[in-house]
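> One structure is given below, represented as structure tokens, and several questions about it will come after.
The values are calculated or read from the model by the stated rules, or taken from the named source; none is laboratory data. Owing to the predicted nature of the structure, the values given are computational and were not obtained by experimental measurement. Quick reminder, even Gly has a Cβ in these numbers, built from the backbone with ideal geometry, and neighbours come from all protein chains shown.
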């Protein structure tokens, strides 16, 4: 298996092989009862994958919360990548976005489940309460006028034809 050349690092083939071995061991370690894990084979170096994913993030296709206790550290790591001291979060973000772009055979059920969850969330929201205006108030009068005009629209004036 070959790895693509990374524009950032000169030793990406070695790094890619090391990640492949470590990743395989990590997946084996997580495959215990109660865990679900699968391996994602990257290009060998996140330094080559991350720049491709930058456009995905910049174009608003990734939701990053406005506030979170971990946000400053995460954004700093993404900003200084690949020259920063730590790159785990940037690396995993780039790998996830690369994996997520791959079409899934079960995408239809995923989309159906997402839509059903969205419908359930909408049902949980309380319906707006219609205000009850005091009789005689300006709001009450406006509501009465609106109801009258909607119930019985003014008939068109009828002028008999001019017969001479």
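> It is to be established whether one or more residues within the range 120-127 are over 42 Å from the mean Cα position of the chain (by Cα) and at pLDDT 80 or above.
No, the range 120-127 has no match at all.
> Which numbered condition trips up residue 86, out of (1) exposed (fewer than 10 other Cβ atoms within 10 Å of the Cβ); (2) at pLDDT below 85?
The number of the failed condition is (1).
> Using the structure shown, decide if residue 113 is surrounded by 13 or more Cβ atoms within 10 Å (Cβ to Cβ) and not in a loop (DSSP other than H, G, I, E, B).
No, not satisfied.
> Across the range 120-155, what is the number of residues that are in a helix (DSSP H, G or I) and surrounded by 10 or more Cβ atoms within 10 Å (Cβ to Cβ)?
11
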